[in-house]
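This report concerns only the one structure given below.
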Amino acid sequence: MDSELPALLVLGPPMVFNLFQSHYSHKYRFLNFFSSHLPLPQFLQTQHAHPTSVRAILCNPRQPVTADVIRSLPSLGIVATTTVGADHIDTAECRRRGIQVVTLGSQFAPDVADMAVALLIDVMFKISAGDRFAKKSIHFKPWSFPSGSKLGGKRVGIIGLGRIGGEVAKRLEAFDCIIMYHSRNKNPSVSYTFYSNVVDLASNSDVLVLCCPLTEQTKYIVNKEVMLALGKGGIIVNVGRGALIDEKELVQCLMKGEIRGAGLDVFENEPNVPKELFSLDNVVLSPHAGAITLDCFMDACEHVAKSFDAFFSS
Amino acid sequence: MAKEEEELPAILVLASSFGIDIKSQNPPKYRFLEAFSSPIPLLQFLQQQQTLPPSVRAIICNALKPVTADVIRSLPSLGLIVTASVGTDHIDLTECRSRRIQVVNIGGLFTADVADMAVALFIDVLFKISAGDRFARNWGLSKPLGFPFGSKLGGKRVGIIGLGRIGGEVAKRLEAFDCIIKYHSRNKNPSVSYTFYSNVVDLASNSDVLVLCCPLTEQTRQIINKEVMLALGKDGIIINVGRGALIDEKELVQCLVKGEIRGAGLDVFEDEPNVPKELFPLDNVVLSPHAAALTLDGFKDSCDYVTKSLDTFFSIKPQVSKTKLACD
């Protein structure tokens, strides 16, 4: 009977949800809160689900798990998000209540790093702009396309040298880039040059790659001062969170040529992308597609399912 | 023409796109005869320039205009052809060999850039970067997350056709992404551990992507044909940074349109600047207007190298670096 299956409250929904639902519909009773406009307690009523029956949440950043949501569910014990970041979950409230928060951890670090490098290469070599150019012109004049820029020898400043930052470094070293970084702390096991100050890192880099989580300390870590320090030849790549960059300022800098270009997989207010960027050839936009591959999705579903299994069987 | 000018070695220039640094020399070392923009036959052009054919000992060119046997035979004292390209298939090498004319290309100068482009195109096709960029520019207005999945890069089997310098640099880069490298070359390379396939169809059957890094020769013309593409299969991707004629282009278009292969990234075409129009609406194809290695840094390096080659040939400077003989 449906009501004997553990209830799983779904917020978001996560991109993997269709896949997850198709694989695990025999294990959970899905309460699809994402499609409701009602407040949570009323929604649960319409589902004939008592708040105390909801012990687990599956979510993603599209619908934050706020303190209100958490307080409406006295038996909540686990919140799983299909992302690496947990900034959309009130983790302080979770800690207070002893609620387990499950994220994807670092297993997709290589995939996110791949995306960072992909965006950087595209901006450097104007791949998307070239693709647009070639597909518009019936006869492009050879060598009439404005040149890109060499990648080898470029100084790449990584902000956040964790798993993702490390994978980015490894890849760009293969292209003969010079790696430097800023992190909360210097990492004694790497030989890359460390900068304790982001502005200094920017002054000494040709590229900044954002690979850090979004926290109180890192919000707008790339601001106007950093962008001006990076300079007119500089490129910014963001595969972290939109709010790591002062987006209004970024748009201004890109439009005015204060920096050379940007590759962005994330935005402050997804799915809204600043329209001013649409006409720029020196910007490559990605609809938060990093690590969005079928293989990653399957892995993500498995990871989450395993966490729920462990929780419900304990 | 001033007497001093007359005494400078005459260089026939068949390329238009890069000469500024070369020509602004102080003091001038050469007299550049810019034939590229002239529609008249070569001998008439030289007459116009008050230059006797035997005084032309060197040609600067690029891949856009062929240096034919006719041109070579018009210049009895020709001793050097410098091409600002990696490829030399636009030069009649047979004629050069029989006349003992040195052919210098910029091979080695742009190895990394061409390899970078190959990787860039591959990643774009796999992750749908350009398609995603188009999608994101409409993102706010359309249903979010309606974008079709890309594919994981790690673990992909990369079949490199031509494991020379460029192929080697492609391998090095893709290994950093945890790809598995295999290759086909004229000969097996004992100093690499990648799996060798003596047969291109076998390589294709065992690869997720084919990357063309070999020169265009009689043997490699249309090395990618229908059989190879079908062996590569519906999930396969083709990347071409070599020469358009390495692939049977008509067949490639058919395979892409019908989904017999997954996608392609192309920097070169059989008949540049003509690109098969059927490719324009395809999201699984990324086109590049022969832009590999065309960076501002690259142009400067190119000019420097061409200048050095001329200097060495005319012995104006002491030997700086041994020029690479393309037809050795």
Residue identified as at pLDDT 85 or above and either more than 7 Å from chain B (Cβ to nearest Cβ) or more than 20 Å from B:GLU278 (Cα to Cα) (or both) among A:PHE125, A:PHE145: A:PHE125
Residue within segment A:59-75 that is within 13 Å of A:PHE308 (Cα to Cα), at pLDDT 90 or above and among the polar types (S, T, N, Q) present: no
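For residues in segment A:296-314 being open to solvent by 70 Å² or more (accessible area, probe 1.4 Å) and part of a helix (DSSP H, G or I), which is farthest from A:PHE17 (Cα to Cα)?
From segment A:296-314, those open to solvent by 70 Å² or more (accessible area, probe 1.4 Å) are A:298, A:302, A:306, A:313-314; that's our starting set.
Narrowing further to those that are part of a helix (DSSP H, G or I): A:298, A:302, A:306, A:313.
Values: A:MET298: 11, A:GLU302: 12, A:LYS306: 15, A:SER313: 22 Å.
Checked segment A:296-314; the qualifying residue farthest from A:PHE17 (Cα to Cα) is A:SER313.
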Long-range neighbours under 6 Å by Cβ, at least six apart or interchain, first residue β-branched (Val, Ile, Thr) within segment B:113-131, second assigned to a helix (DSSP H, G or I): B:VAL114/B:ILE166; B:VAL119/B:ARG173; B:ILE123/A:ALA118; B:ILE129/A:ALA118; B:ILE129/A:ASP122
Segment B:170-189 residues that are facing chain A (nearest Cβ under 8 Å) and at positive phi, paired with ones that are outside any helix (DSSP H, G or I) and open to solvent by less than 20 Å² (accessible area, probe 1.4 Å) (beta carbon under 9 Å, 6 or more apart): B:ASP178/B:LEU153
Every residue from segment A:278-293 that is at the interface with chain B (Cβ under 7 Å from one of its Cβ atoms), assigned to a loop (DSSP other than H, G, I, E, B) and farther than 11 Å from A:MET115 by Cα: A:PHE278, A:PRO287
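Just wondering, is there one or more residues in segment B:238-248 that are open to solvent by 60 Å² or more (accessible area, probe 1.4 Å) and of a type outside the set (A, V, I, L, M)? Break it down into steps so the answer makes sense when it comes.
Just the residues of segment B:238-248 that are open to solvent by 60 Å² or more (accessible area, probe 1.4 Å), to begin with: none.
Among the residues of segment B:238-248, not one is open to solvent by 60 Å² or more (accessible area, probe 1.4 Å) and of a type outside the set (A, V, I, L, M), which makes the answer no.
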Test: residue in segment A:206-221 that is open to solvent by less than 20 Å² (accessible area, probe 1.4 Å), within 11 Å of chain B (Cβ to nearest Cβ) and not small (Gly, Ala, Ser): no
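Residues that are surrounded by fewer than 22 Cβ atoms within 10 Å (Cβ to Cβ) and within 27 Å of the chain's Cα centre (by Cα): list the helices (runs of 4 or more DSSP H) wholly contained in segment A:19-117 that include at least 3 such residues. Talk me through it step by step, then tell me what you get.
On the way: elements: A:40-46, A:67-71, A:91-97.
In segment A:19-117, A:67-71, A:91-97 are the helices (runs of 4 or more DSSP H) which contain 3 or more residues that are surrounded by fewer than 22 Cβ atoms within 10 Å (Cβ to Cβ) and within 27 Å of the chain's Cα centre (by Cα).
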Test: residue in segment A:107-117 that is touching a residue at least 60 places away in the same chain (Cβ under 8 Å), of a type in the set (A, V, I, L, M, F, W, C) and within 18 Å of A:GLY234 (Cβ to Cβ): yes
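If we scan segment B:211-224, do we find a residue that is within 14 Å of chain A (Cβ to nearest Cβ) and touching a Cys at 6+ places or on another chain (Cβ under 8 Å)? Talk me through it step by step, then tell me what you get.
In the first step, residues of segment B:211-224 are kept if they are within 14 Å of chain A (Cβ to nearest Cβ); the result is none.
No, there is no match, as no residue in segment B:211-224 is within 14 Å of chain A (Cβ to nearest Cβ) and touching a Cys at 6+ places or on another chain (Cβ under 8 Å).
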From the options B:ASN284, B:ASN240, residue that is among the polar types (S, T, N, Q) and modelled with pLDDT of 95 or more: B:ASN240
Residues of segment B:48-68 satisfying the condition of being within 14 Å of chain A (Cβ to nearest Cβ) and crowded, with 17+ Cβ neighbours inside 10 Å: B:CYS61, B:ASN62, B:ALA63, B:LEU64
Positions within segment A:99-140 being farther than 16 Å from A:ASN282 by Cα, in contact with a strand residue (DSSP E or B) (Cβ under 9 Å, 6 or more places away or on another chain) and among the charged types (D, E, K, R), in sequence order: A:ASP111, A:LYS135
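Out of everything in segment A:267-277 that is at pLDDT 90 or above and in a loop (DSSP other than H, G, I, E, B), what residue ends up being farthest from the chain's Cα centre (by Cα)? Quick ask: steps written out before the conclusion?
Restricting attention to segment A:267-277, the residues satisfying the condition of being at pLDDT 90 or above are A:267-268, A:274-277.
Then keep just the ones that are in a loop (DSSP other than H, G, I, E, B); that gives A:267-268, A:274.
Values: A:PHE267: 9, A:GLU268: 11, A:PRO274: 17 Å.
Top of the filtered list is A:PRO274.
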Search result, residues across segment B:268-280 that are part of a loop (DSSP other than H, G, I, E, B) and either open to solvent by less than 50 Å² (accessible area, probe 1.4 Å) or facing chain A (nearest Cβ under 8 Å) (or both): B:VAL268, B:PHE269, B:GLU272, B:PRO273, B:VAL275, B:PRO276, B:PHE280
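The values are calculated or read from the model by the stated rules, or taken from the named source; none is laboratory data. Bear in mind that the values here come from a model prediction, so they are computed numbers and not experimental data. FYI the Cβ positions are ideal-geometry reconstructions off the backbone, even for glycines, and counts take in every protein chain you see. Heavy atoms of the whole protein, side chains included, go into the accessibility calculation; ligands, DNA and RNA do not. Shrake-Rupley method; radii C 1.70, N 1.55, O 1.52, S 1.80 Å.
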